[in-house]
Amino acid sequence: MTNSRPSKSKAAIVARMQSMIDGLQKNSPNGQFTLGGTTFTTASLVALFQSVITAMANVTAAQASATDAVAAMNGVVAKAEPVFRSLKSNLLNTNGAATSTLANFGLEPPQARTPQTSAEKTAAVEKAKATRAARGTTSKKQKLKVTGNVTGIIVTPVTAPAAAPSPAVQPAPTTTK
């Protein structure tokens, strides 16, 4: 039952090592093997393969611990981040452009917005007009002016079955003379 391409997963490696340990202890408890120019006893091979199993278990435990640590870190960051942003905003509002005070907190004053040149303003207006024309957007007043009749389609009115008249809408009685 030899596999030409052994699996590389941790579970498969542990299973292969454990099977080899079991086979060595059952069939060659006092054996001696020369492998790659080095002589090994059954006990030394069992110790070597057991160290692989132990290392795999340690890695699995460390990965689980790291996953828990990352989850704990993300939880703490999620709690602290809104408070940090609020404090930063408060410090920027309180200290304004006092760079030395803000530097003590590791902050820089916000950069002043550079005013647009007349060419940039003109380009922005033209772009807005082009976008509005391309999308066909109109103002509220212009939308109110748009009305139309549907032609070429026959509309069949939907009539509901006769139901009891609602008490809120009563037709006025008519009299004939």
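Just give me the residues in the range 126-169 being loosely packed, with under 10 Cβ neighbours inside 10 Å, of a type in the set (A, V, I, L, M, F, W, C) and modelled with pLDDT of 75 or more, in sequence order.
Ala133, Ala134, Leu144
For the range 107-118, which residues satisfy the criterion of being among the small types (Gly, Ala, Ser) and modelled with pLDDT under 90?
Ala112
Within the range 1-11, can one find any residue that is assigned to a helix (DSSP H, G or I), surrounded by 10 or more Cβ atoms within 10 Å (Cβ to Cβ) and touching a residue at least 12 places away in the same chain (Cβ under 8 Å)?
Yes, that holds for at least one residue.
Answer with yes or no whether Leu102 is farther than 30 Å from Ala12 by Cβ, modelled with pLDDT under 90 and either in contact with a Ser or Thr (Cβ under 6 Å, 6 or more places away or on another chain) or surrounded by 10 or more Cβ atoms within 10 Å (Cβ to Cβ) (or both).
The answer is yes for Leu102.
Those residues that are closer than 12 Å to Lys88 by Cβ and outside any loop (DSSP other than H, G, I, E, B), I need them from the range 100-123; list them, please.
Leu102
Can Ser28 be described as touching a helix residue (DSSP H, G or I) at 6+ places or on another chain (Cβ under 6 Å) and not hydrophobic (A, V, I, L, M, F, W, C)?
For Ser28, the condition - touching a helix residue (DSSP H, G or I) at 6+ places or on another chain (Cβ under 6 Å) and not hydrophobic (A, V, I, L, M, F, W, C) - is met.
When the range 105-114 is examined, which residues are found to be aliphatic (A, V, I, L, M) and surrounded by fewer than 12 Cβ atoms within 10 Å (Cβ to Cβ)?
Ala112
Within the group Gln25, Gln18, which residue is of a type outside the set (A, V, I, L, M, F, W, C) and touching a residue at least 24 places away in the same chain (Cβ under 8 Å)?
Gln18
The values are calculated or read from the model by the stated rules, or taken from the named source; none is laboratory data. In this text the structure is predicted, and so the values were computed from the model without any measurement. No Cβ is skipped: glycine too gets one built from the backbone with ideal geometry, and neighbour counts run over all protein chains shown.
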